[in-house]
Amino acid sequence: MGSCFTEHMAGYLNRYRFRVLENPHGILFNPVSIAKALKQYKQQHVYTKSDLFEQDGLWQSWEHHGRFAHSDPKVCINQINDSIKVGSSFLQKTDWLIVTLGSAFVYKLKSDSTYNLTGLTKVVANCHKVPAPHFEHTMLDFDEGREALQNIIETARSLQPGIRIIFTISPVRHYREGLVENNRSKGLLHLLVAEATTSQKNVFYFPSYELVNDDLRDYRFFSEDMVHPNYQATQYVWEKFMNACIDMESLCHFEKIGQLHLAINHRPRHPEGAAHQKFRQKMYSLGKSLSEQLPYLDFKDALNFFKPV
C-alpha cells in the first residue's frame, strides 16, 4: 500500500508469482489516509452515495484514488465496495504488509467547503482537482504521524495477528511542496518509521529512498520529469529487495520463473507450428514443476496459458 512507487515493487513481485494485492484504495501518499483505508478493510465499510461527491460530472470518494471515479454513482460505489471486500479478505490471510509512505503533507477538506457534507475538517487521500481554496494544506506534526503509523500497525495486526510489516519511504521527491518542505516531510517520515521499527516487533524498514537518492544519486536514473525513478533505478531497488527480503530457496528458482514470465509475453511468428507447440509443452512442464516445488507462489496463470489443448 502507499505511493506510486508501490506499483513498481508490486509489479516485480507479481512477475515472480508472489500472491500480491496492490493498493485496493488506489495510490495513497500520506500515512493518515493509509491508516483510514486499513480501518475500512477491518470494518468492511460499505459505501453509499452519501459518501461520494460530484465534480465535473464524475462521482468520487475523498478516501480513494481517481481510478474509482465514474459518471454513474452506482458504478463508483460498486467498485469501491468490491475493493474493500477484496482488501479485507486478503489482509486476513497475508503474511506481509509493505507500506510505502510518500509524504507527511496532508490536504484537509475545510469544514465550510461546499464539497463537505459532514461539516467536519478531514484529511483527504486525493484532491481530485477540486480548487485549492477548499483545502487546508499542512504537514503532520510528530504526534499525528506517530498515531497514524500506530493505527496502521494495530489495524493490520487485528486483521492478521501474525502479520509482518515493512515500511519504506518513496524516493520520489514532492517538488510541488518546495525543496525545503519536501526534505522536512521525508525527514519526519524517517523519524516516524525509525521509532516504529525500534519499538515494535515484526516491523521493519527497507531503504528505497536511500538507495535511489543516496546510493544512485544521479539524474540518469530518473525519468524525464527528473522526479520519478526510471526503469534502471526501480530494477536496482528490486535487486536489493530480492537479496534482503527473499529467502534463498525462492531466489534459486528466479531465473526459471523469469523464463516463464518472458514466455507468456512472447508473441510467436507461427503459433500453430510444431516448434512452438513443443515450446509450449516445455513451458507447461516447467510451470508445473515450479508450482510443486514452490507451493506458496502462484503459477495458475502460467499453467492455464500453456495448458495443452
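The values are calculated or read from the model by the stated rules, or taken from the named source; none is laboratory data. Here the structure is a predicted model, which means the values were calculated and not measured. Using ideal geometry, Cβ is built from the backbone for each residue, glycine included, and neighbour counts are taken over all protein chains shown.
Numbers at a glance
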{"item": "Test: residue in the range 145-166 that is farther than 21 Å from Gln44 by Cα, in the same structural domain as His64 (by TED's automatic domain parsing) and among the polar types (S, T, N, Q)", "result": "no"}
{"item": "In the range 117-146, the residues that are without any contact (Cβ under 8 Å) to a residue 40 or more places away in the chain and assigned to a helix (DSSP H, G or I)", "result": "Ala132, Pro133, His134, Asp143"}
{"item": "Condition met for Ala302 (outside the structural domain of Ala10 (by TED's automatic domain parsing), touching a residue at least 60 places away in the same chain (Cβ under 8 Å) and more than 27 Å from Ile166 (Cα to Cα))", "result": "yes"}
{"item": "Of the criteria (1) within 30 Å of Asn230 (Cα to Cα); (2) surrounded by fewer than 19 Cβ atoms within 10 Å (Cβ to Cβ), which one Ser89 fails", "result": "(1)"}
{"item": "Any hit, the range 168-189, residues being assigned to a helix (DSSP H, G or I), assigned by TED's automatic domain parsing to the domain that holds Pro31, buried (at least 17 other Cβ atoms within 10 Å of the Cβ) and in contact with an Asp or Glu (Cβ under 8 Å, 6 or more places away or on another chain)", "result": "yes"}
{"item": "Number of positions in the range 36-67 that are part of a helix (DSSP H, G or I) and closer than 30 Å to Pro161 by Cβ", "result": "9"}
{"item": "Lone unmet requirement of (1) outside the structural domain of Tyr16 (by TED's automatic domain parsing); (2) within 18 Å of Asn14 (Cα to Cα) for Arg269", "result": "(2)"}
{"item": "Any chance Gln259 is modelled with pLDDT of 90 or more, polar (S, T, N, Q) and over 18 Å from Tyr12 (Cα atoms)", "result": "no"}
{"item": "Wholly enclosed helices (runs of 4 or more DSSP H) of the range 192-309 bearing at least 3 residues in contact with a Pro (Cβ under 9 Å, 6 or more places away or on another chain) and closer than 29 Å to Thr100 by Cβ", "result": "231-245"}
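Matching residues to (1) of a type in the set (Val, Ile, Thr); (2) touching a residue at least 40 places away in the same chain (Cβ under 8 Å); (3) out of contact with any Ser or Thr (no Cβ under 9 Å at 6 or more places or on another chain):
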{"site": "Ile169", "(1), (2), (3)": "yes, yes, no"}
{"site": "Glu177", "(1), (2), (3)": "no, yes, no"}
{"site": "Val180", "(1), (2), (3)": "yes, no, yes"}
{"site": "Glu195", "(1), (2), (3)": "no, yes, yes"}
{"site": "Phe204", "(1), (2), (3)": "no, yes, no"}
